[in-house]
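Data block below; observations after.
Every number here is computed from the coordinates shown, using simple stated rules; none is lab data. Fair warning: this is a prediction, and the values are worked out from it, not measured in the lab. Cβ placement follows ideal geometry from the backbone for every residue including glycine, while neighbour counts extend to all protein chains displayed.
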Amino acid sequence: MAANRRNGTVAPEPALVGLLAASRGHPRTVLPTVASVVTTVAALYFGREVFLPIAVALLLTFAIAPVVSWLKRLGVPRVAAVIASVAGAFAALSLFSFIVATQVSDLAQNITIYQYNILTKVRAMKETGLGGGIISQVSSVIERVGQEIDRQEPQLPSAAEQPKRDPIPVEVVSHEKPLEVLQNLIGPMISPLSSAGLVIIVVIFMLMEREDLRDRFIRLVGYGDLHRTTQALQDAGKRVGQYLLMQLVVNAIYAVPITIGLWVLGIPNALLWGLLALALRFVPYIGPIIGALLPLFLALAVAPGWSLLLWTAALFIIVELVTGNVIEPWLYGSHTGLSPLAIIVAAIFWTWLWGPIGLVLSTPLTVCLVVLGRHVPQFEFLDVLFGNEPVLEPHARLYQRLLAGDPEEATDHAEEMLEDKYLFEFYGKVAIPALLLGEQDRERGVMDEEQRRQVADSALTLVANLDDSAQQEAGEEEDQEAEKAAQGQPAEKKLEDSSGGADEEVDLPDGLGIAVLCAGGRGELDDAAAAMLAQVLEVQGAEATRASFAELEPSAIHRLDLSALDCVAIGFLNRQSAQHARFMVRRLKRLKAKLRVGIVFWSEVGNTDEAAAAELAGTLNADFVAFGMVDAVTGALSRKAAVALKPAHRRRQPARRKQLQAAE
């Protein structure tokens, strides 16, 4: 039965080389020069007083823009919607800051109360023999601090013992003018207040002129490609806005049980720790740890025992595990598009560049850079460095593992792909293209004989490691065929379209009762491809055996036992093997006239037009010609009669020679 597949075009034999040479081209990622990187980083560092408020305003704009759009849909005018959204956002931030400041002030007044419990625990640890090393030094420091706090001022003689003296008049003299005193009070607050005011103004301006700024940006950087620029802006706004909103929701869900739990346990200022947990969780990885350390230290100081400390630690661990493994994947998963390592590196970089505020802004800023690299070719290196998408295609990744002599990791990747793909699909779209990369390197002369053998041996090991998966798939195929037969339906496999479109239905033939020999054409890499084809044929129920390319040499081909074979499939990764294939077909058909012989020219293009393949098969005197795994399996398991061997064309004898023979 034929397979339903996408039609392509292929030329006759003279254009075969051009067809097989077609491969998917990918532009190389151009890294920026050192000078440009240094210049950019220096500008961000020395101009942080300008860029930092703009960055904060930009991220707040992304976060507030959905609220403005929602108010506009309700009929609120743009100006009112912008002012209401900005006022609400900064009012919430101001309330948050006021509550934190109040709680910190209350905590500072009660620090001395917790001193005795800490000293008691330290002395208990020393008495149990844990007083050496760091604990001894820490306890000494704490005791010295306690003694310094408890130390009283030297007592003066009593009033009865002191001689009576006349009171000395005291006059308070102020050397500072009222204006200077006011300046000393207001001066430290000018810088943060001015920065906050600047941020508010920029946010209002960006929200008011959002469409105009978008059009200006498109005109500046992407007027020639409106589609790509529009997609970049939409992607950036969606990712950053959704990240900030969902992160706020997740952090609030995280902070509520923390606050309630600390209050139930009796930890002082539970509201403070809950708010700090909410804010610090915006800082990737280290934020939750910092938010848990202070309550843990306070739990150590509040109660004389250790149970409160253990309960507090259990509270943070349980809430963090539930939030990280259940709530976050449920709400937004990996919408940031950043790899875990990129988040850590970004946190270090932005902290060094802009301090604590840079640490909080590190993830959303890096998201913007990754979106820029994803849609603008000049910045593609940013997506490669920080994105969470695979930077190597599956076949290139597999070839790299084979080239490194690591078939175990290659097997792991293959088994992951086989959870969603059939074996013939993995071999046809991943493994065979990987071997084609090796053949290209061999043709270019960059792969020596030892490397070629290593790639071939690793590929054969991969095939051997996938035997269990092949047997499991064969068992599933038998169950599926039995179920389909009971329902009167043909068994079909779903083949994922290479373009990412709809799935195609592939109907591979049943190989029960058919014996096929799969052989390599001209080298070790061809042998590895033949082993893959043989394993797929075994899944289809055929009796498949393998032969090396050396066994098809003219001096050794007569030793092959062809008596029980129905078909021989010879595979070539080399794109210029048509003549060699024709000689092999003739040798095999001379040994057994009724033997079906097929030629497979492996190609990344995959299956091709049947008419062109049939024309090329007639030229080679082969029973079938295939360019991909599906057609190779279909041709090898066909039950058609073998094509008869065409007689060889003999040269005509010269006329003079004919005359001499006639005279004799």
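Let me have the relative contact order for the stretch 526-586, percent, based on Cα pairs under 8 Å that are six or more residues apart.
RCO, the stretch 526-586: 36 percent.
How would you rank Ser194, Ser458, Ser69, going from fewest to most other Cβ atoms within 10 Å of each one's own Cβ?
In increasing order of surrounding Cβ atoms, one gets Ser194, Ser69, Ser458.
Roughly what % of DSSP beta bridges within the stretch 398-636 run antiparallel, to the nearest 5?
Around 15 percent antiparallel, to the nearest 5.
Of Val630, Ala544, Phe572, which is farthest towards the positive pole of the stretch 398-636's charge dipole, taken about the Cα centre with +1 and -1 on the beta-carbons of Lys, Arg and Asp, Glu respectively?
My answer, from the dipole projection, is Phe572.
Counting Lys and Arg as +1 and Asp and Glu as -1, what is the net charge of the other residues whose Cβ lies under 11 Å from the Cβ of Ser638?
Residues near Ser638 contribute 0 overall.
What nm distance separates the two modelled labels at Asp420 and Ala474, each placed 7 Å from Cα along Cα→Cβ?
The answer from the label model is 2.8 nm.
Residues with beta-carbon under 13 Å from that of Gln454, excluding Gln454: net charge, scoring Lys, Arg +1 and Asp, Glu -1?
Neighbourhood net charge equals -3.
I'd like to compare 433-441, 414-422: which one has the highest average count of other Cβ atoms within 10 Å, and what's the full order after that?
Output ranking for 433-441, 414-422: 433-441, 414-422.
So, in nm, how far is label Ser97 from label Glu408 when the simple model puts each one 7 Å beyond its Cα toward the Cβ?
About 5.6 nm, to one decimal.
Ile317 to Leu645: extension gain in nm, 0.36 nm per residue of separation minus the Cα-Cα distance?
110.5 nm
What ranking do 534-547, 570-583 get when scored by the average of other Cβ atoms within 10 Å per residue, highest first?
Packing proxy ranking, top to bottom: 534-547, 570-583.
Which order do the peptides 523-530, 99-106, 49-56 take when ranked by the mean count of other beta-carbon atoms within 10 Å per residue, highest first?
Most protected by this proxy first, the peptides run 523-530, 49-56, 99-106.
Can you give the relative contact order of the stretch 398-636 as a percent, counting alpha carbon pairs under 8 Å and 6+ residues apart?
Relative contact order comes out at 18 percent.
If you place +1 on the Cβ of every Lys and Arg and -1 on the Cβ of every Asp and Glu, how big does the dipole about the Cα centre of the stretch 398-636 come out, in debye to the nearest 20?
1840 debye
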